Amino acid sequence: MADTDPTPAPGRAHRKGLSLLMTLVVIAMLAGGAWWLVQRNQAPGAGPAGQGGFPFGPGGGGGGGVTVGAAVAQQGALPVVVDALGTVTPPATATLVPQVSGVLTEVLFTEGQMVKKGQVLARIDVRPYEQALAQARGQLARDQAQLTQAQLTLSRYRTLLEQDSIARQDVDTQAALVKQLQGVVDSDDASVRAAQLNVGYATIHAPISGRIGLRAVDPGNLVGSTSTGGIATITQIAPIDVVFSVPQERVGAVLAAQKAGRLPVQALDQGRTKTLAEGDFLTLDNQVNTATGTVRAKARFANADQGLFPGQFVNARLQLGQDEGVLVPVTAVRTGPQGDYVYVIDAEGTAHVRAVVRGLASAEQVLVTQGLQPGERVVTEGGDRVKDGGKVQLPQAQAQQAGPGQGPAGRRQGQGNAAAR
């Protein structure tokens, strides 16, 4: 074991030296590459912009600026709207409850059918009511005959009284009998009319126009005025209403706008992406719901295409008018400790912080009431990397829209065109 061969030691030393040399070479290459990148970004003539071009020219500006998305502020109008969750409510609903009892003999409608007012929908066995009508008419005829006889007797008694051939008491008694029989005849006549009504009630007509629902009773069953749920339900669907809630602080604006003219209302789907129907504002309720601080409102829709269905939940959008101002994308307006602000890009490609006053906003645009002029370009994307006074550059598409080939001689003209817009 004392005879160990010392020959491998020089080989290990050689390999360690080679590894150290390779490490130093890699470090030197990385340092050189970093230095080259820094020098290239600081070079005044790098890229198309270094050829005297505008930073927003073709290919985007160089100079190491942050690449951002931008948009031009435009003069326009934004609608003043009230958005609320609404429920489609039919103006009228009628349940077919029989007014007489009997066996349901016929059902003359199809479930889900559109029916018209006055249309015959069902029939109840009418024979018992026809018999009652015949009996009432017979009673009326008998009592009318007795009344006629009593009236003739009274006429003869009065003639005899003039001849002093009968006592006045007999005449008075006969006159009272005539009045009594007249009352009986009037009662019989009322019974006949009541029997006629019952015969008519045996045929069930549609009280309103609309869509009839599912049938609750089949032919052959006994129905009556105490039947639960009736035979079916008719719901009016054209026109149809949407009931929604308006915040109490917007009630004054709604009333003022209503006095000025028609208020359009849109019914949107749950995602507020598709317009289901367009209608008109109808009215407000007469009091505020103290539990929610809102007032119920109603809008009416023609619903000719039946796009709205009773009981459906929709998003109602009531338009009260519109406000004019400078419009920018929603992503352009940012909020900081001092309030709302935007980054405005000047003709040199430098971003400047500009305090603004935000107005109305939609899902895509926001109205700036103060601090911004039409035609100014603002940062819409990448604002987190922008600093006040820092250089920015635009992507290829937006750089081309800014005007290709605009050199220093054309910057003033470009600024003038932006101001004109």
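Here the Karplus relation 6.51 cos²θ - 1.76 cosθ + 1.60, evaluated at θ = phi - 60°, turns the backbone of the range 248-262 into coupling constants of 4, 6, 9, 4, x, 5, 5, 5, 5, 5, 5, 5, 6, x, 5 Hz, with x for every Gly and Pro. Ordered from largest to smallest accessible area (heavy atoms of protein chains, 1.4 Å probe), the residues 23, 153, 89 come out as 23, 89, 153.
Once the other residues with Cβ under 11 Å from the Cβ of residue 111 are scored (Lys, Arg +1; Asp, Glu -1), what is the net sum? All intermediate terms of the calculation are to be shown ahead of the outcome.
Working: positive: 211, 215; negative: none.
Summing Lys/Arg as +1 and Asp/Glu as -1 gives +2.
Taking amide H as placed 1.01 Å from N in the peptide plane, residue 276 has its amide H under 5 Å from the amide H of 267, 268, 269, each at least 5 places away in sequence or on another chain. For the range 158-309, the calculated P(r), taken from all Cα-Cα distances in 10 Å bins from zero up to the bin holding the longest distance, is 8, 18, 17, 15, 13, 10, 8, 7, 4, 1, 0 percent. Taking amide H positions as modeled 1.01 Å from N, with prolines and chain starts lacking one, the residues under 5 Å from residue 105 and 5 or more places away or on another chain are 123, 124, 125, 220.
For 208, 231, what's the largest-to-smallest order of accessible area, 1.4 Å probe?
Values: 208 35, 231 5 Å².
These residues rank, largest area first, as 208, 231.
Normalised by residue number, the volume inside the convex hull of the Cα atoms of the range 73-210 is 253 Å³ per residue. Taken one residue at a time, the phi angles of the range 341-350 give Karplus couplings (6.51, -1.76, 1.60, θ = phi - 60°) of 7, 9, 9, 9, 9, 8, 5, 8, x, 9 Hz. Gly and Pro are set to x.
Computed with a 1.4 Å probe over protein heavy atoms only, the accessible area of residue 205 comes to about 90 Å². Using a cut-off of 18 Å between alpha-carbon atoms, which lysines can reach residue 298, once sequence neighbours fewer than 8 places away in the same chain are excluded? Straight-distance partners of residue 298: 259.
Looking at the P(r) of the range 340-397, how many percent of alpha-carbon pairs lie beyond 14 Å? Summing the P(r) of the range 340-397 above 14 Å gives 57 percent of all pairs.
With a 1.4 Å probe and all protein chains left in place, how much of the accessible area of the range 242-315 comes from carbon and sulfur atoms, in whole percent?
On the way: 2150 of 4410 Å².
Whole-percent figure for carbon plus sulfur exposure: 49.
Taking all protein chains together and a 1.4 Å probe, the residues 157, 129 rank 157, 129 from largest to smallest accessible area. Rolled with a 1.4 Å probe across the full set of protein chains, the surface gives residue 288 an accessible area near 60 Å². Take residue 103, project a point 7 Å from its Cα along the Cβ direction, then tell me which residues of the range 121-161 have their backbone nitrogen under 18 Å from it. The answer is 122-132, whose backbone nitrogens lie closer than 18 Å to the label point. Using a probe of 1.4 Å, the accessible surface attributed to residue 281 totals some 20 Å² when neighbouring protein chains are kept in position. Per-residue Karplus couplings for the range 125-132, computed as 6.51 cos²θ - 1.76 cosθ + 1.60 with θ equal to phi - 60°, are listed in order as 3, 9, 4, x, 6, 5, 5, 5 Hz, Gly and Pro entered as x. Please label the shape of the range 209-292 as rounded, prolate or oblate, based on the square roots a ≥ b ≥ c of the eigenvalues of the alpha-carbon gyration tensor (a/c under 1.5 means rounded; beyond that, a/b larger than b/c means prolate, else oblate). Judged from the Cα gyration tensor, the range 209-292 comes out prolate (a/c at least 1.5, a/b above b/c). Taking amide H as placed 1.01 Å from N in the peptide plane, residue 205 has its amide H under 5 Å from the amide H of 121, each at least 5 places away in sequence or on another chain.
The values are calculated or read from the model by the stated rules, or taken from the named source; none is laboratory data. Being a predicted model, the structure only gives us computed values, none of them experimental. Cβ: placed from backbone, ideal geometry, glycine included. Neighbour counts: every protein chain shown. What goes into the accessible areas is simple: the full protein's heavy atoms, side chains included, and nothing from ligands, DNA or RNA. Shrake-Rupley method; radii C 1.70, N 1.55, O 1.52, S 1.80 Å.
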